[in-house]
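First up is the structure itself, then whatever we jot down about it.
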Amino acid sequence: MDNKRILEENKGNYENLYSKEEAFLRYPADWIIRFHNMFLKNNIPKDGKVLDYGCGSGNNAVFFVQKGYSVYGIDVAPSFKNLVAKNLEMNGFDKSLIDNYTLIKPDATKFDYPDNYFDFIFSNQVLYYLPTEEHINAVCTELKRMLKPGGYVFFTMMGPYNYYITHHLKQVHNEKIYEISIDDKNHRLYGVKELIYKVKDEEHLCKIFDMFEPVTVGYFDQKMFDLSSNFHYIFVGKK
């Protein structure tokens, strides 16, 4: 399967959702809140620099702004900046902070930030939209370059029990690239089509992110209404 097509299709899917504000998330993910409160707040400077890779509508990024960090974000869908600006304004922040958010190309593996710049880099439910392990590795190697020595990363990756895979799998293109299509007209995400790189197990997870020293490995999994499982692995690493 053509890797460029995977990247462009996933970009187009999210641009469609963002432009219609159908993926306008307001509140941070609870696993992000827990990680911050249980670990991060005691392990990076209170005014530290944070990067959200694939920040979407900015719901998690704004959480870190609220905590006093200098927050930056990058995403591939042009309309994402409108949603981040709206989230900033709705939470009482000056929309000029949008200058910290940058549009990147879907195949980008180099970013315009200095070496050793960030205290913390996170990517929530994003890295699996990259088409190969090699591409994920290239992006994470660049993220490591930008991370300060002693800084931390927090990544989530889709695992085999996620309902996208168990209920909405359309086609397996190889053992790791899964094509997802939600065709149920009664489903809240009707029409969504995605191409996802699936993580097999925790050993596979650590192999993907072996450029970082593992701090903890885990997962989150929730079941509610039509969401039979949102199973994702969590990797926390250190430079």
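What follows draws every value from the coordinates through simple rules; no lab data is involved. Computed from a predicted structure; not experimentally measured. Methodologically, a virtual Cβ is constructed for each residue, glycine included, from the backbone with ideal geometry; neighbour enumeration extends over all protein chains shown.
Please give the residues of region 187-210, grouped as numeric ranges, whose backbone N is less than 19 Å from a label point set 7 Å along the Cα-to-Cβ vector of ASP2.
Residues passing the 19 Å test: 193-196.
Given the options THR216, THR141, THR132, which has the most mean-square fluctuation in a GNM of the chain, springs set between C-alpha atoms less than 10 angstrom apart?
THR216
Could you list the square roots of 5 times each eigenvalue of the Cα gyration tensor of region 127-185, that is, the equivalent ellipsoid semi-axes, sorted largest first and rounded to whole Å?
Largest first, region 127-185 gives 30, 13, 9 Å.
With 31 Å as the limit, write out which pairs from LYS4/LYS95; LYS198/LYS239; LYS49/LYS170; LYS110/LYS200; LYS81/LYS207 have Cα-Cα distances beyond it, or answer none.
Violating the 31 Å limit, Cα to Cα: LYS4/LYS95; LYS49/LYS170; LYS81/LYS207.
Run down the aspartates and glutamates and flag those whose C-alpha is under 16 Å from the C-alpha of LYS176, throwing out any fewer than 8 positions away in its chain.
Result set, ordered by chain and number: ASP2, GLU133, GLU134, GLU194, ASP201, GLU202, GLU203.
For the chain, just the Cα atoms, rotate onto the principal axes and tell me the three extents in Å, largest first.
45, 39, 34
Rounded to whole Hz and in sequence order, give me ³J(HN,Hα) for region 212-218 from the Karplus expression 6.51 cos²θ - 1.76 cosθ + 1.60, θ = phi - 60°, writing x for Gly and Pro.
10, 6, x, 9, 7, 10, x
Using a Förster distance of 35 angstrom, determine the FRET efficiency expected from the C-beta separation of LYS193 and GLN66, and round it to 0.05.
Computed FRET efficiency for LYS193 and GLN66: 0.55.
Using all alpha carbons of region 152-239, what is the percent of pairwise distances in each 10 Å bin, ordered from the shortest bin to the longest?
Whole-percent P(r) values from 0 Å outward: 17, 43, 29, 10, 1.
Just to confirm a number: summing +1 for Lys and Arg and -1 for Asp and Glu over residues other than GLU175 whose beta-carbon lies under 10 angstrom from that of GLU175, what do you get?
Once all neighbours under 10 Å are counted, the net charge is +3.
If each residue of separation counts as 0.36 nm, what is the full-extension length gain between HIS173 and SER96 once their alpha-carbon separation is subtracted?
The HIS173-SER96 span can extend by a further 23.4 nm.
Could you please state, rounded to a whole Å, how far the C-alpha centre of region 169-202 is from the C-alpha centre of region 39-101?
Spelled out, the Cα-based centre of one part sits 28 Å from the other.
Using the 10 angstrom Cβ neighbour count as an exposure proxy, how do LYS11, LYS185 rank, fewest first?
The fewest-first ordering by Cβ neighbours comes to LYS185, LYS11.
Let me know the Kirkwood hydrodynamic radius for region 1-106, please, with Cα pairs as the basis and the value in Å to one decimal.
After inverting the pairwise mean of 1/r, the radius is 14.4 Å.
How much length, in nm to one decimal, is gained on full extension between ASN186 and LYS207, taken as 0.36 nm per residue of separation minus their Cα-Cα distance?
Contour length minus the Cα-Cα distance gives 3.7 nm.
Let me know the charge dipole size of the chain about its Cα centre in debye, to the nearest 20, where only the beta-carbon of Lys, Arg (+1) and Asp, Glu (-1) is charged.
Value, rounded to 20: 440 debye.
Return an integer: the convex hull volume of the alpha-carbon atoms of region 62-123, in Å³ per residue.
Per-residue hull volume (Cα only) is 94 Å³.
Quick one: of the DSSP bridges fully inside region 26-112, what percent are antiparallel, nearest 5?
Once the DSSP bridges in region 26-112 are tallied, antiparallel ones form about 0 percent.
With loop defined by DSSP as not H, G, I, E or B, and exposure as at most 14 other Cβ atoms within 10 Å, which is the longest segment of the chain clear of exposed GluC sites (Glu not before Pro)?
Between the exposed loop sites, the longest stretch runs 23-174.
Taking a cut-off of 19 Å, what percent of all Cα-Cα pairs in region 87-152 are separated by more than that?
Value for region 87-152 (Cα pairs over 19 Å): 44 percent.
Which of the chymotrypsin sites (Phe, Trp or Tyr not before Pro) across region 143-239 are loop residues per DSSP, with 16 or fewer other Cβ within 10 Å?
Filter output for region 143-239: TYR161, TYR190, PHE225.
Using amide H atoms built 1.01 Å from N in the peptide plane, name the residues 5+ places from GLY73, or on other chains, whose amide H lies under 5 Å from its own.
ASP52, TYR101, THR102
With a/c under 1.5 counting as rounded, go ahead and sort region 88-206 into rounded, prolate or oblate using the C-alpha gyration tensor (a ≥ b ≥ c being the square roots of the eigenvalues; past the cut-off, prolate if a/b is larger than b/c, else oblate).
Verdict is oblate for region 88-206.
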